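Here the structure comes first, spelled out in structure tokens, and everything after it is commentary.
Each value in this text was obtained by applying a stated rule to the coordinates, not by laboratory testing. Remember, it's a predicted structure, so these values are computed and weren't measured experimentally. Positions of Cβ are generated from backbone atoms using ideal geometry, with glycine treated the same way; all protein chains shown enter the neighbour counts.
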């Protein structure tokens, strides 16, 4: 019977210890939430509502000249050939610029992150 009594006492001590730990954790959660509310109380009063107007800019039509494209193709081909080595049979016939498909919110988020690092 002595082993069963020790097991019972060990179980009681474990349950009381876990109860105390969870009680303290719950107290800390409420304490941190109170601190957050207290710290942000001044910011809520100072917030100013701003309305952003979005103006549509006219679409610019890009005019490409063959001379500029040929020179650009030659420069890019030379850079790639140098990178790959002289034994590559590399032929670039045209280069097409792909428009950026990133949404404006993603660009804004990236810009905010970069500015926060400074």
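Worth pointing out:
- Extended-chain gain in nm, criterion 0.36 nm per residue less alpha-carbon gap, residue 22 and residue 78: 13.5 nm
- Ordering 96, 76 by the number of other Cβ atoms within 10 Å of each residue's own Cβ, fewest first, gives 96, 76.
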